[in-house]
Amino acid sequence: MSLRAKPTIIGLFVSGAIVLAVAAVLLFGSGKFFSHREKFVIYFADAPNNLSIGSPVKFKGVQIGEVTDIKIHYDQPDDSDAIPVFIEIDTTRQHRDLGDNTDLSDPDVFKKQVEGGLRARLQMLSFVTTQLYVELDYDSAPQPPKYVGLTHPYKEIPSVPSGLSEIVKSFTIAMANLSKVDFAEMSTKINRLADQLSEGIGQLDFKTINSSLVAAANNLNALLADPKIKEALDKMSTTLDDLDRLASSINQQVQPLSDEIQSTAKSARVTLDQINQTLSAVRDVVAPDSPLHTELDKALLEITNASRSVRILTEYLEANPGALLTGKAPPSDSLFGPLSGQAQAPSVQNAPADNPPIAVPGRAGGK
C-alpha cells in the first residue's frame, strides 16, 4: 500500500527552500538586491593597463562603486582612440553610509557636479601589483568639461590625464638603459682601483709621518711655552697701545696748532694788504721820475709776493693740517701726480685764479 504525501511537509520544504534562496541572494549578492546602483561611462585617453572588471571606484579614497565593463570603442567618433570604461556607483551606500546626499542619478544635479569640477582619473592601487582603480574627485581649477560620447546613453564623467602612461614609459626607458650597463666591466674597474689604492696606502710610511707630526707638535708647544716669546708678545701689545695713545695725542694737538697758525697767517695778510694800500697812496703823490717812486715800486712788489705766500700757506694748512708734523710732501714724478694721501702745497706760479695776488701798478699807469 503506497504512502500518501502530506501537504504540510511539502509546504514546509518549499518555504525553507525559498528562505534559503533569499538568504543566499542577500549573502552572496552583498546586498545589491536592495541597493540602487547608477551606471556611468568614462573615456580614458590613458591606456587602462591593469584595470579590470571589478576594480574599485573611489571618491576621495573611499570606495563607492566598481568597474563593470571595459570596451575598445563605444558611442564615440571614429578617430577617437579613448577607451570607454563603464562603472556603477552604489548611491544607496553613498547616501546611507558615507553621508553624501548628492543624487548623481538626477541629470541636473549630475551636470552641476561636473561643471563644479567632478573628474575621473586612473590611479595605481598597488606599486607591487600595479593594479589600477578609478578615482573620482573635484579639481580645484577645473577646465571646461570635454565629452567624447555622441548620443549619451549613459551619463559621462569627464576624465583628466593621470600621467601614468608617462611614468610607465619613463620606467621602461630607465630599465632599458639599465640593462645596457656593463656591470662586469664596472666591477673589474672598481676592483682594480681598490687594489691601486691599497698598494699606494701600503707604501706610505705612517710611522715616519706620525713621528714627524709628533715632533712638530712638540716644537710648537715648546716655542709657545718659551718665556721670551711670551715676554715679546706682551711688549708688542704694550708698544701698540703706546702708539695708539701717541697718535690720539698728536691728533688732539695738531688741530689747535693748525687753527692758530692759519689765524695768524690771515691776520698777517690783512696787515700786508693795508701796508700795500698805504704805499700805493704815497706812490701816487710822489713824482714818477723821483728815486722814491722807484723804491716804492720795489716795496709794493715785495709786499705783494709776501701776501701771496701767506695766502698759499694758509690754504695749504687748511687742506693738510698734518703737514705741521710730516712737512711738505716731496714732488712725485709719477704720471698720476702725487701719491694718494700726500697732497702738495700749491706753488706761487699755480695760484688759484679765484684769489688773484695783489696788483702792483706799473710805471705806465702811474701819475
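Residue count for the range 133-162, restricted to those that are open to solvent by 100 Å² or more (accessible area, probe 1.4 Å) and in contact with a strand residue (DSSP E or B) (Cβ under 8 Å, 6 or more places away or on another chain): 2.
With respect to V168, is the statement that it is at pLDDT below 85, in a helix (DSSP H, G or I) and farther than 30 Å from Q113 by Cβ true? Against the criterion (at pLDDT below 85, in a helix (DSSP H, G or I) and farther than 30 Å from Q113 by Cβ), V168 qualifies.
Looking only at the range 112-132, which residues are exposed (fewer than 13 other Cβ atoms within 10 Å of the Cβ) and not in a loop (DSSP other than H, G, I, E, B)? Listed by number, the residues that qualify are K112, E115.
Considered as a group, the residues in the range 82-99 that are in contact (Cβ under 8 Å) with a residue 40 or more places away in the chain and outside any strand (DSSP E or B) include one that is nearest to V62 (Cα to Cα), and that residue is R93. Close Cβ contacts (under 6 Å, 6 or more residues apart or on different chains) running from residues in the range 110-122 that are among the hydrophobic types (A, V, I, L, M, F, W, C) to residues that are in a loop (DSSP other than H, G, I, E, B) comprise F110/L104; V114/P145; A120/I157; L122/D46; L122/S162. Number of residues in the range 39-68 that are within 28 Å of N101 (Cβ to Cβ), open to solvent by 30 Å² or more (accessible area, probe 1.4 Å), of a type outside the set (S, T, Y) and at pLDDT 85 or above equals 7.
The values are calculated or read from the model by the stated rules, or taken from the named source; none is laboratory data. Predicted model only: the values in this text are computed from it and were never measured. Virtual Cβ from ideal backbone geometry, glycine too; neighbours counted across all protein chains shown. Surface accessibility is based on the protein's heavy atoms, side chains included, excluding ligands, DNA and RNA. Shrake-Rupley method; radii C 1.70, N 1.55, O 1.52, S 1.80 Å.
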